[in-house]
Each structure stands twice: as C-alpha cells, then as structure tokens.
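The values are calculated or read from the model by the stated rules, or taken from the named source; none is laboratory data. This one's a predicted model, so the numbers in the text were calculated from it and none came from an experiment. Quick reminder, even Gly has a Cβ in these numbers, built from the backbone with ideal geometry, and neighbours come from all protein chains shown.
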Amino acid sequence: MNKHDINQDDYRFKIANREALIGVGLVLFNFVWWYGFAYGLGSRDISEYSYIFGLPAWFFYSCVLGFIVMVVLISIVMKLFFTDMLLEDEEN
C-alpha cells in the first residue's frame with residue numbers, strides 16, 4: 001500500500017488527530033508547569049530558598065510534584081478521551 005491508497009476520510013484519522021492534539025496540550029501544560037515553578041521560585045537568591053523534604057521548593061514543585069500531576073493527568077486523559085482502535089485496514 002502506498003500513501004495514495006490511504007482514505008483521508010477514515011474515522012481513524014479524526015480520532016488520531018484529536019488524540020495528538022490532546023497530547024500536545026498535555027506537553028504544553030507540563031512545560032508551563034515546570035517552567036513556572038523552576039524559574040518562578042528558582043530565580044530567587046539561594047539564601048531565600050525554602051525546602052520540602054530536603055529539596056529546594058522550586059525543584060520539588062517543578063520536578064517531583066509536576067511528575068505526579070502529569071502521571072495523574074495522563075491516566076485520566078487515557079481513560080476518558082483516548083479510544084482503542086484497530087490500525088489495520090478493514091476488509092470489505
């Protein structure tokens with residue numbers, strides 16, 4: 001099969017495009033979360049840092065808590081918005 005044999009009206013393209021956009025949205029959210037905490041809290045003078053579990057607060061919120069938030073968000077999105085579908089051609 002070559003690229004000219006692909007039917008662009010196939011419902012699977014719409015699902016894949018929607019899921020790709022959701023994935024891009026999650027990546028952008030993750031970056032904004034990480035950047036906001038890492039550079040928002042981390043741009044202070046070191047003497048002003050606060051610590052959580054022995055880690056600087058900016059690192060804890062951006063990397064540790066950010067990871068946990070993303071795992072939970074991705075799990076929710078996978079259950080609610082992603083569709084399990086066959087990728088092989090259906091035979092008529």
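Whether a residue is among the hydroxyl-bearing types (Ser, Thr, Tyr), at pLDDT below 95 and surrounded by 11 or more Cβ atoms within 10 Å (Cβ to Cβ) was assessed, and residue 11 does not pass this test. In the set 24, 77, only one residue is surrounded by 14 or more Cβ atoms within 10 Å (Cβ to Cβ) and either among the polar types (S, T, N, Q) or at pLDDT 95 or above (or both); that residue is 77. For residue 41, are the conditions met, namely being within 29 Å of residue 10 (Cα to Cα), in a helix (DSSP H, G or I), among the hydrophobic types (A, V, I, L, M, F, W, C) and touching a Phe, Trp or Tyr at 6+ places or on another chain (Cβ under 8 Å)? No: the conditions fail for residue 41.
Go through 31, 53, 37, 59 for me and flag whichever is surrounded by fewer than 15 Cβ atoms within 10 Å (Cβ to Cβ), free of Cβ contacts under 8 Å to residues at least 60 places away in the same chain, in contact with a helix residue (DSSP H, G or I) (Cβ under 8 Å, 6 or more places away or on another chain) and not hydroxyl-bearing (Ser, Thr, Tyr). Criteria check complete, one pass: 53.
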